[in-house]
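K.L.:
For reference, the structure I am asking about is given below.
The values are calculated or read from the model by the stated rules, or taken from the named source; none is laboratory data. Here the structure is a predicted model, which means the values were calculated and not measured. As a convention, Cβ positions derive from the backbone with ideal geometry for all residues, glycine included, and neighbour counts pool all protein chains shown.
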Amino acid sequence: MPYVIWITGLPGSGKSTVASALKDKIPHAEILRMDDLRRVVTPEPTYSEEEREHLYRSLVYMAKTLYELGHTVIIDATGNRKSWRELARNLVPDFFEIHLKCPLEVCMERESSRTDTHGAPKDIYKKGKAGAPVPGMQVPYEETERPELVIDTEKKSVADAVGRIMGLTEARKGKP
């Protein structure tokens, strides 16, 4: 049975790394990365609220459509507004929200030193310090009151995170 997992958190919290490792465990899953969508839909992004609203609603629609076609979907996207994640929750019956929690300072350090960006723009926080609208800095990250999992990626490894997510999906589906 298909399901949708939204891996959310600040830039640099480990979303893309966890999503890729999770796909290794669920090879038939499709990963929807906001960074990939943004490059196609807005090749010169402004990161305005209106642009974000359109992109995130499009991302949710794609996840819902793939789910309805029988695909398991992993969404790799900051999704700083809880209304977008709630939209997905309301449209997809088998939905899991995984919040990767990580202190802003750690996210900033990771983002500045990463070599594999999984397609994410470089120097996000440097741009944020210069005034660009970055979640966790100028743009608030709205935490959901009821995510299925919160994983502290400062303290937990990628393998631990994937294990917890797999345990959650298997328990929901009634598997041992």
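K.L.:
Could you count how many residues in the range 31-58 are hydrophobic (A, V, I, L, M, F, W, C) and in contact with a strand residue (DSSP E or B) (Cβ under 6 Å, 6 or more places away or on another chain)?
P.N.:
Of the range 31-58, the ones hydrophobic (A, V, I, L, M, F, W, C) are 31-32, 34, 37, 40-41, 55.
Those left that are additionally in contact with a strand residue (DSSP E or B) (Cβ under 6 Å, 6 or more places away or on another chain): 31-32.
Residues in the range 31-58 being hydrophobic (A, V, I, L, M, F, W, C) and in contact with a strand residue (DSSP E or B) (Cβ under 6 Å, 6 or more places away or on another chain): 2 in total.
K.L.:
Right, another one. Find all pairs meeting these conditions: Cβ atoms under 9 angstrom apart; at least six residues apart or on different chains; first residue within the range 64-88 and without any contact (Cβ under 8 Å) to a residue 60 or more places away in the chain and of a type in the set (Phe, Trp, Tyr); second residue surrounded by fewer than 22 Cβ atoms within 10 Å (Cβ to Cβ) and not in a strand (DSSP E or B).
P.N.:
As it stands, the answer is Trp84/Glu53; Trp84/Arg57, since those pairs meet every condition given.
K.L.:
While we're looking at this one, here's another question. Can you tell me how many residues in the range 12-30 are out of contact with any Asp or Glu (no Cβ under 6 Å at 6 or more places or on another chain) and buried (at least 19 other Cβ atoms within 10 Å of the Cβ)? Steps first, please.
P.N.:
Taking the range 12-30 first, the residues out of contact with any Asp or Glu (no Cβ under 6 Å at 6 or more places or on another chain) are 13-14, 17-18, 20-30.
If we keep only those that are buried (at least 19 other Cβ atoms within 10 Å of the Cβ) too, we end up with 13-14, 17-18, 22, 29.
Total meeting the criteria: 6.
K.L.:
Let me ask you something else. With (1) at pLDDT 95 or above; (2) surrounded by 16 or more Cβ atoms within 10 Å (Cβ to Cβ) as the list, and Ser83 as the residue in question, which single condition is left unmet?
P.N.:
It is condition (2) that Ser83 fails.
K.L.:
Select from the range 31-46 the residues that are over 13 Å from Ala120 (Cα atoms), free of Cβ contacts under 8 Å to residues at least 24 places away in the same chain and touching a helix residue (DSSP H, G or I) at 6+ places or on another chain (Cβ under 8 Å) and write down the one among them that is surrounded by the most Cβ atoms within 10 Å (Cβ to Cβ).
P.N.:
Thr42
K.L.:
Which one of the conditions (1) surrounded by 20 or more Cβ atoms within 10 Å (Cβ to Cβ); (2) out of contact with any Cys (no Cβ under 9 Å at 6 or more places or on another chain); (3) of a type in the set (A, V, I, L, M, F, W, C) does Leu104 fail to meet, given that it meets all the rest?
P.N.:
So Leu104 meets the others, but not (1).
K.L.:
Still on this structure: Please specify each residue of the range 49-78 satisfying the condition of being surrounded by 23 or more Cβ atoms within 10 Å (Cβ to Cβ), part of a helix (DSSP H, G or I) and of a type in the set (D, E, K, R).
P.N.:
Correct list: Arg52 only.
K.L.:
Given the residues Arg110, Arg85, Arg164, which is the only one that is touching a Gly at 6+ places or on another chain (Cβ under 7 Å), under 25 Å from Val4 (Cα atoms) and assigned to a helix (DSSP H, G or I)? Working first, answer last.
P.N.:
Details: Arg110 fails: under 25 Å from Val4 (Cα atoms); Arg164 fails: touching a Gly at 6+ places or on another chain (Cβ under 7 Å).
It is Arg85.
K.L.:
State which residue is nearest to Lys15 (Cα to Cα) when the search covers only the range 121-163 and only residues that are among the polar types (S, T, N, Q) and touching a residue at least 40 places away in the same chain (Cβ under 8 Å). Reasoning before the result, please.
P.N.:
Taking the range 121-163 first, the residues among the polar types (S, T, N, Q) are 138, 144, 153, 157.
Filter once more, keeping what is touching a residue at least 40 places away in the same chain (Cβ under 8 Å): 144, 153.
On the way: Thr144: 16, Thr153: 10 Å.
Among them, the one singled out is Thr153.
K.L.:
Something else about it: State which residue is modelled with the lowest pLDDT when the search covers only the range 118-152 and only residues that are surrounded by 15 or more Cβ atoms within 10 Å (Cβ to Cβ), among the β-branched types (Val, Ile, Thr) and within 14 Å of the chain's Cα centre (by Cα).
P.N.:
Thr144
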